[in-house]
Amino acid sequence: MKWRTVLESWLLPAMLIILVITAVGVTFRDPFLFDDRPHIERLMKLALSNAQADTTVDMEERMWAQVKLGLAADLSDMSAHEWGAMAHWFLAHNPGYVGLQLLDKAYHEKQSAVLPEAAGLDATVDFLTDARLQHTLQTAATSTSQVGAVPISLPNGRPAYLIAVPDFSHGNFVGFLVVECDIEKTLDSMLSEFKELGYSVAVSDNLHQLYQTPGNSTLEDRKEWGQTARVPLPAVDWRVEVWPKPELVAEARSALPELGVLVALLLFVLLAATIHFARRLRIKSIDLSKARDELEQRVRERTAQLEHANQALLRVQDQERRRIARELHDSTVQIMGALAIDLEKIRQLVPGGDSTKARKLLADSSELVERATAELRTISYLLHPPILDDLGLEGVLPWYGAGFSSRSGIKVSVAVQPGLGRLSHELELTFFRIVQEGLTNIHRHSGSPTAEITVLRDDLRVILQIKDHGKGFPPGSLEPGRTAKAVVGVGIAGMRERVRQLGGSLELISDDRGTLIRAALPIGDTSPVSERDDNRRDDDAVGAVSESAVTKKQCNPGS
């Protein structure tokens, strides 16, 4: 059974390998055998580009040097000696140029310099009678390129060109500067670097071939591989052609057929190794995928547990605050009130005379009891103000801001959008806790004399903003990856957690001009808050508020 299992596991991969190798051999056989053609064609394209560029650049430099010579000096005022020296220097620096003539505007020769190989050329070139030569001169005088050229023959029968440019004196056109160019020598000097390369270069005009680099070449190679391109010069219409020499064709024959065999063998080895490792990796991948799925499931479960625990913690915290507030209001505050009444009765029962000190102590005790009662009521209302359930944010925020201002001395302004309406209990309680924490941080840390609370609403969300004008958070304390816990305690974390659980966003912007806290919560279900059964009646809440107001009034001096 073991050998059968091994045989079955390797049979299919082996068959696939054989099929792939066969397909590779059949597919790449012909391209391997005939890969030399595109290779040689690419070489010829590159060689043609180089030959075309060199011919164009070198000839343009020569023509431009001739134009600059016609513009740079007053050639008409030179002596014969100066003219001869200048002309021979110019001809020596431009191999293939064999003569230089200076003509006036009427085509009469004024100066000339001719090398020995062009002796007698001046007698054969008559610009006065040859309309073709006159047209060349006029072309040079009127063309934007300032160059005109015409083919001629040297006395020895070699092909040549007359290249003419206008001559200027003090910016005025006075004649022509004409060069006699032995085109074979000129092209030979320009294309000399191509002689030792593996291809031949030829330059032709519209009528016949002007030049071909020396070397071994065949007409068959030229017909099969030759590539031509136009030489973009302003005054002449030339074409350059390149084709490989026989030795280059032989060297370019590809060794790819042999390489193909090696590639096939390598493919066999690589495919075998790939299939083997692929099978092992597939098994490991399945195991890892299972482990990843299990881990993700555990993370989701743990995250859900943490979410539930956080929500339960906040609910317990709010319920505990409400319970403590109710206990303080319904029990401790009532006891303190009864104690205040008893102290007042005792003070009235104490007779006058020597009991003045006792009456003073009783009066002070009554005042302390009243102050303690007022503080207990304040703490009770801060833990969970009853009017939050009854009046919502529109009622509780102005009340809380006024109370905070009287306790802290910080001027608090509250702006609630008209028609805000009631929100869900969770939203109203979350916004109230954020206001509590925000104003507490302003009082403890910012040093701001003022604070602004703004509540806005649109169709999708409610936005709360708390702004102060204090010193802001320490630099870098709110950067990503850091926390302001060391500065403002855990209050910021509590804000973030409450907002996150309701699907909102909390933004803190702080600099040396103050801090802005912006909380945005989605409205969701905006139906009116249902009646909450807090084991109290509305008249109890109203009475408690009124009683608190009366107590505060009694505690103010001069009331």
Over the stretch 168-246, what relative contact order in percent results from Cα pairs under 8 Å that are six or more residues apart?
-> 28 percent
Which entries in the list Lys185/Lys223; Lys357/Lys411; Lys105/Lys195; Lys45/Lys185; Lys185/Lys245; Lys195/Lys223 go over 31 Å, if you measure between the two C-alpha atoms of each?
-> Lys357/Lys411; Lys105/Lys195
Label-point separation (nm) for Leu361 and Arg230, each offset 7 Å from Cα along Cα-to-Cβ?
-> 12.4 nm
For Ile286 and Leu219, FRET efficiency with R0 = 41 Å and r from the beta-carbon atoms, rounded to 0.05?
-> 0.05
Report the full-extension gain for the segment Asp205 to Thr274: residue separation times 0.36 nm, less the Cα-Cα distance, to one decimal in nm.
-> 18.7 nm
The stretch 88-228: D in µm²/s via Stokes-Einstein (Kirkwood Rh, Cα pairs, 4 °C, 1.567 mPa s)?
-> 78 µm²/s
Backbone HN-Hα couplings from phi across the stretch 185-198 [Karplus 6.51/-1.76/1.60, Hz, Gly and Pro as x] | 5, 5, 5, 5, 6, 6, 9, 4, 5, 8, 5, 8, 8, x
Taking 0.36 nm per residue of separation between Arg300 and Leu456 and subtracting their Cα-Cα distance, the length gained on full extension comes to 52.6 nm
The long-range amide H neighbours of Phe168, using H built 1.01 Å from N in the peptide plane and a cut-off of under 5 Å, are Val174
Cut-off 9 Å between beta-carbons: net charge of the residues surrounding Leu506, Lys and Arg +1, Asp and Glu -1 = +3
Per the C-alpha gyration tensor (a ≥ b ≥ c, the square roots of its eigenvalues), the stretch 161-309 is rounded if a/c is under 1.5, else prolate if a/b beats b/c, else oblate; here it's oblate
Label-to-label distance, nm, for residues given as Arg513 and His308 (7 Å Cα→Cβ offset) | 4.9 nm
Full-stretch length increase - Gln317, Ser145 - with 0.36 nm per residue and alpha-carbon distance subtracted = 52.7 nm
How big is the accessible area of Val414 in square angstrom, nearest 10, if you roll a 1.4 angstrom probe over the protein chains?
-> 50 Å²
Label-point separation, Trp399 to Ile523 (7 Å along Cα→Cβ), nm = 2.5 nm
Distance from the Cα centre of the stretch 145-183 to that of the stretch 195-229, in angstrom?
-> 27 Å
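The values are calculated or read from the model by the stated rules, or taken from the named source; none is laboratory data. In this text, all values refer to a predicted model and were calculated from it rather than measured experimentally. All Cβ positions, even for glycine, are placed from backbone atoms using ideal geometry, and neighbour counts span all protein chains on display. Heads up: the accessible areas ignore ligands, DNA and RNA and are worked out on the full protein's heavy atoms, side chains in. Shrake-Rupley method; radii C 1.70, N 1.55, O 1.52, S 1.80 Å.
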